[in-house]
1. Go through 67-77, 155-165, 40-50 and give me the packing order, highest mean Cβ count within 10 Å leading.
2. For segment 50-140, with every protein chain kept in place, what is the accessible area per residue (1.4 Å probe, Å²)?
3. Could you give me D for segment 45-108, from Stokes-Einstein at 10 °C and 1.306 mPa s, where the hydrodynamic radius is the Kirkwood radius over C-alpha pairs? Units µm² s⁻¹, please.
Amino acid sequence: MFGNLFNPQNSFWQTIDRLSDLLILSLLWLICSLPLVTVGAASTALYDTAAHCFRGQEPMPWRRFFHTFRRELPCAIIVTVVWGALLLLLGSALQMMAAAASAGTSMAWVVLLFCLVLMLLPLGAACWMFPLLSRFAFHPVGLMLTALRMTVGYLPRTIGLLLVTGISVLLVWVLLIPIVLVPGIAAWLFTLLLEPVFQRYQDPADPEAKNEPQEEEV
């Protein structure tokens with residue numbers, strides 16, 4: 001009985017090992033995201049590690065994290081700055097529209113609601129963008145266009161990604177403490193939604209090959 005309890009291969013210790021890996025990866029993501037312009041590279045590395053180490057059982061997830069972070073950093077910084085500026089601009093515009101709607105007619109609220117729904121497109125593309133970068137080879141413009149295409153082409157999965165992201169932000173905002181686990185768990189949930197899609201575009205003989213997905217396949 002006691003021999004099985006201290007066996008590192010039993011389910012209890014494997015669960016503890018997984019939770020410790022989630023804690024480490026979430027902390028790595030937080031630290032690497034602190035400059036803000038590197039949040040995209042950190043998110044790319046986090047997704048890639050979740051896909052290969054939590055779904056694929058690859059050992060030493062922190063090594064995978066830093067390898068992907070360094071590899072995708074140049075493209076990820078450009079995309080993060082461009083898309084972040086776009087989201088900030090759209091957010092500011094929505095704030096002004098909300099202020100106008102609060103002092104205007106019911107039609108102004110209808111327009112505001114329409115714009116809020118439309119805002120889901122760039123937010124959804126942001127959810128696709130860095131997982132795509134972790135799996136395929138892209139230039140910044142191609143990555144942004146492909147993310148938008150995937151957002152519309154796989155709309156139910158996009159809604160799932162937005163729900164995972166929204167719930168994660170809410171948990172961190174309300175409770176704060178889960179911030180040490182939420183990023184890793186969210187990345188794992190992302191893999192459940194995205195890996196079936198990505199596998200359609202990968203070469204089965206060489207799943208590590210980073211080729212750009214073809215336009216006509218979506």
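1. Details: 67-77: 18.3, 155-165: 16.4, 40-50: 27.9.
The most tightly packed comes first, giving 40-50, 67-77, 155-165.
2. Working: 4970 Å² over 91 residues.
Per-residue accessible area for segment 50-140 comes out at 55 Å².
3. Details: Rh = 14.9 Å.
Answer from the Stokes-Einstein relation: 107 µm²/s.
The values are calculated or read from the model by the stated rules, or taken from the named source; none is laboratory data. Owing to the predicted nature of the structure, the values given are computational and were not obtained by experimental measurement. We place every Cβ from the backbone using ideal geometry, glycine too, and count neighbours over all the protein chains shown. These area figures cover heavy atoms from the full protein model, side chains too; ligands, DNA and RNA do not enter into them. Shrake-Rupley method; radii C 1.70, N 1.55, O 1.52, S 1.80 Å.
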